[in-house]
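Read through the structure below, which is laid out as structure tokens, and then see the notes.
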Amino acid sequence: MNSNVGSPFFTDFDINNELDWQMSRAEKYCIINLLQFLKPDVAIEIGTFKGGSLQVINEFSNHIYSIDISEAPRKFLQVGFNKVQFRVGQSHLIIDGIFKEIEDKNQKLEFILVDGDHSKIGVKRDLESILAYPHKNKVTILLHDSFNPQCRAGIKSVNYSNYPNVSYVELDYITGSFWHNKSYREMWGGFAMIVIDPNMKGEALNLSSQEHLFRRAYLSSIHLIKDPFHFLVPFKQKIFKKLGLRQKTDIYTDF
């Protein structure tokens with residue numbers, strides 16, 4: 001989502017405007033106030049990109065782990081984020097080790113922002129890796145772009161009944177929108193929220209409060225045409241690389 005979607009924005013939080021924060025106003029208000037309330041001992045961000053949301057996590061958390069598939073966040077952000085440990089790799093493969101490391105240090109993981117792989121399978125892998133771990137305390141999870149059909153499908157594909165410690169699932173904690181640029185018919189943004197509670201007993205509250213809005217938007221979106229061909233994305237990436245052409249993800253090298 002274009003960073004200018006979040007302007008003007010009124011807050012006491014000291015925003016670093018040099019960091020590209022690709023969230024809407026509603027999402028920014030949400031994450032600032034949520035983290036100000038939670039004040040996590042340990043927080044994890046999956047998908048750091050240019051550090052927009054990391055600045056908020058860094059302000060209100062004692063210890064932070066940033067996970068990204070690119071070296072760029074560590075290279076360009078490490079100086080300004082001394083509390084952050086930057087880890088490079090596929091999140092679903094390395095996050096279990098981070099969970100164990102946090103426990104070994106007798107720290108408390110209390111917040112996770114998932115904003116990495118936006119494919120259905122990528123979101124599902126991240127979620128299942130998080131939920132499968134035997135967390136010992138309450139963990140609040142925000143998943144960005146829950147209004148995007150691929151991300152939403154990944155969130156919905158998880159069988160939450162397999163994870164008895166999940167107490168709350170809401171796909172539309174913050175509602176997304178059409179993308180605010182020339183490809184406005186793409187659906188992006190929104191926060192899903194999942195809460196892990198080891199003291200949970202019974203079935204989780206599972207909501208998608210704006211499902212009707214999502215379906216109506218989907219019928220007017222480009223995703224009707226685009227998503228059936230999503231399986232071709234890996235082939236496109238290989239072709240672009242072979243031909244030396246740039247992709248949107250190449251922005252990682254343009255800090």
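Every read-out reported here was derived from the displayed coordinates using simple, explicitly stated rules and does not represent laboratory data. Please read all numbers here as calculations on a predicted model, not as lab measurements. With ideal geometry, Cβ positions are generated from the backbone for all residues, glycine too; neighbour counts draw on all protein chains shown.
Below, the figures for the structure above:
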item	result
For segment 72-88 versus segment 162-228, the gap between their alpha-carbon centres in whole angstrom	29
FRET efficiency, 1/(1 + (r/R0)^6) with R0 30 Å, evaluated for residue 185 and residue 71 via beta carbons	0.35
Answer label for P(r) over Cα pairs in 10 Å bins from 0, in percent (calculated), chosen among (i) 7, 30, 39, 21, 4, 0; (ii) 7, 29, 32, 20, 11, 2, 0; (iii) 8, 34, 40, 18, 1	(i)
Partners for residue 241 among lysines (Cα-Cα distance below 29 Å; same-chain residues under 8 apart left out)	50, 75, 120, 124, 182, 226
Mean separation of Cα contacts under 8 Å (6+ apart) over length of the chain, as relative contact order %	16
Mean residue ellipticity (222 nm) of the chain, computed from DSSP H runs ≥ 4 via -39,500 (n - 2.57), nearest 500	-9500 deg cm²/dmol
Stretchable slack from residue 105 to residue 136, in nm (0.36 nm times residue separation minus alpha-carbon distance)	9.8 nm
Fully extended contour minus Cα-Cα distance, from residue 82 to residue 161, at 0.36 nm per residue	24.6 nm
Extended-chain gain in nm, criterion 0.36 nm per residue less alpha-carbon gap, residue 153 and residue 245	30.1 nm
Counting DSSP beta bridges with both ends in the chain, the antiparallel % (nearest 5)	35
